[in-house]
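The values are calculated or read from the model by the stated rules, or taken from the named source; none is laboratory data. All of these numbers come straight from a predicted model, not from anything done at the bench. Positions of Cβ are generated from backbone atoms using ideal geometry, with glycine treated the same way; all protein chains shown enter the neighbour counts.
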Amino acid sequence: MSAVNETIIRDVVAEVLGKLGATSTVTSAAAPASAPASKNDSCGCGTKKASSTNTALRGKFGVFATADEACEAAQEAFLQLKAKGVEARRKIESIVKSLAEKNAEQWGKIEFEETKIGRLDHKIAKLGLIKLVPGVDWLRPDARSGDHGITLEEYTPFGVVGAITPSTHSIPTLSGNIVNICAAGNAVVFNAHPSAAKCAAVAVRAYNEAIYREIGIENIACIIEKPTLDSFNALCKNEFTRLLLVTGGPMVVKAAMQTGKRAICAGPGNPPVLVDDTCCLTRAAQSIISGAAFDNNLLCIGEKQVFVLDHIADKLMQKMSENGAVKLNSAQLDKLTKAAFTITPGQGGGCARAHTNKDFIGKDASVLAQAAGINIPSGTQLLFGETDAMHPFVQEEQMMPMLPIVRVKSVEEGIALSLQSEHNYKHTAIIHSHDVENITAMARALDTTLFVKNGPSPAGLGLGGEGYLSFSIATPTGEGITNPRTFTRVRRCVMVDNLRIY
Ligand code: NAD
């Protein structure tokens, strides 16, 4: 709205209210954010208005003790963003991207020190990548023009999004989510993983301070300082929370789907890799190592098990050794397996179940090697060893830099075992092959959200392949690699019989 129009409208409304004997409460869209939102401000969604006089919301820069306070502050910020328009969204996007890059080293370090999982260099690298997350320019309205006029479909915000972030990439997920969610005009409240919540709060505070300085909005991205299951429930229940975004394992996906709110779920994966005899084995070995070793295999898209045709298996493993991965023999692998998993015997004829030992998740290859009773050269990024298809390293989403290699007799068997080990998560699968029929057969059978051919898994997120980046890949609910449009409502605006200009 132009300044002139806004002034005229404000004056007219004030006059009308004056005639009705009421005090004018019309605020300027350009009013500083520290001024409380007007009582008349509403997003039009029909939910309760955020209180305009709650001084407890001031000076927190997004970090709140309770979900209810955080949601109220976020709702107020959403209305402020609505008033300030698209240019303010652009500023938020650019602030988050530049602060993530500027603070990558410091924030990578505090996240690594708090979580003690993954690799410091890769924690830093992930924050440097936030600039690749799509923002405001992603949203383009769809238009129709014809004999009956013109129609516009706009991608408009929901309001407050409740977001749950994982321990595996706390600040990167949070930062990418803010870019996507706020680019679409929403505000967000995070319930981070308890073991990665302090670093997340540091980033949230820094983002809000910078956003407040630039555009006067104080709480566009909020976080619950000490997250718990209770705060998760309170966040989901809060009436300002219009939509949920969950990034995590099976339990939180299930919990979000039971809340009754619409949930976009970026769930677990267990990505299989199939290697056939038409591919370049050097390229396959290098790709498998770089994908599986990244951040000690914490990525949900990371290569977790390899199925390889029997007659090229030795050659592939030779290439992996030549490229720096270290092979465990069967005694060493048994020793590591006993340390890395607890096997619960099957009950009443059921199968035995392996539970991953948290002490080994995201640890360096040297820590795993020690448990296997082997000394490895310093700087080794990945271990591998031969297993059968039902081995816990194949069946569990183990998130360790130890890759099981399974021999298969045919491509068909490799596809069948890949499908079984992916557990219907429909997340990610990888193939190394130059045979289009094999590639097509695996793509159709696996039916995953991401399918990468002849490259490392991160190529599926625009890192060495074409495409864009997100740290939240919505798998069970089907939205795919999340982007600003994921967090919008589509609204249609129709002009009948006019404005088509020829
Ligand atoms: P996690 O499931 O333990 O925790 C994820 C989040 O959910 C945390 O904030 C945690 O506090 C919360 N949570 C867990 N159980 C909950 C429950 N019952 N009720 C409410 N909240 C609950 O996962 P993690 O170890 O932090 O992260 C690794 C998992 O996340 C892996 O399974 C990985 O594949 C998945 N992940 C998926 C994506 C994706 O884009 N699809 C991205 C990153 C991680």
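Observations on the model:
- Any hit, region 327-349, residues being surrounded by 23 or more Cβ atoms within 10 Å (Cβ to Cβ), at pLDDT 95 or above, within 25 Å of Asp121 (Cα to Cα) and out of contact with any helix residue (DSSP H, G or I) (no Cβ under 6 Å at 6 or more places or on another chain): no
- Lone qualifier among Ala184, Ala192 - being within 11 Å of the ligand (Cβ to nearest atom) and of a type in the set (Gly, Ala, Ser): Ala192
- Residues in region 360-385 that are within 14 Å of Thr337 (Cβ to Cβ) and free of Cβ contacts under 8 Å to residues at least 60 places away in the same chain: Phe360, Leu368, Ala369, Ala371, Ala372, Gly373, Ile374, Leu383, Gly385.
- Looking only at region 237-256, and only at residues there that are in contact with a strand residue (DSSP E or B) (Cβ under 7 Å, 6 or more places away or on another chain) and within 11 Å of the ligand (Cβ to nearest atom), the one that is farthest from Glu422 (Cα to Cα): Leu244
- For region 404-442, filtered to residues that are away from the ligand (no atom under 16 Å from the Cβ) and assigned to a strand (DSSP E or B), the residue that is surrounded by the most Cβ atoms within 10 Å (Cβ to Cβ) is Ile431.
Residue-by-condition table, conditions (1) closer than 24 Å to Asn483 by Cβ; (2) away from the ligand (no atom under 16 Å from the Cβ):
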| site | (1), (2) |
| --- | --- |
| Glu93 | yes, yes |
| Lys97 | yes, yes |
| Glu101 | yes, yes |
| Lys109 | no, yes |
| Trp138 | yes, yes |
| Phe158 | yes, yes |
| Thr168 | yes, no |
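- Flag if Val161 is over 13 Å from the mean Cα position of the chain (by Cα), assigned by TED's automatic domain parsing to the domain that holds Ala65 and not aromatic (Phe, Trp, Tyr): yes
- Residue in region 276-289 that is within 9 Å of the ligand (Cβ to nearest atom), modelled with pLDDT of 95 or more, of a type outside the set (Gly, Ala, Ser) and under 21 Å from Arg119 (Cβ atoms) present: no
- Positions within region 356-393 being part of a helix (DSSP H, G or I), away from the ligand (no atom under 16 Å from the Cβ) and touching a strand residue (DSSP E or B) at 6+ places or on another chain (Cβ under 6 Å), in sequence order: Ala365, Leu368
- Region 257-275 - residue that is over 23 Å from Met442 (Cβ atoms) and assigned to a loop (DSSP other than H, G, I, E, B) and, of those, farthest from the ligand (Cβ to nearest atom): Arg262
Yes/no per residue for (1) surrounded by fewer than 24 Cβ atoms within 10 Å (Cβ to Cβ); (2) touching a strand residue (DSSP E or B) at 6+ places or on another chain (Cβ under 6 Å); (3) assigned to a helix (DSSP H, G or I):
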position	(1), (2), (3)
Cys71	no, yes, yes
Ala83	yes, no, yes
Glu87	yes, no, yes
Lys91	yes, no, yes
Ser94	yes, no, yes
Lys97	yes, no, yes
Ala100	no, no, yes
Trp107	no, no, yes
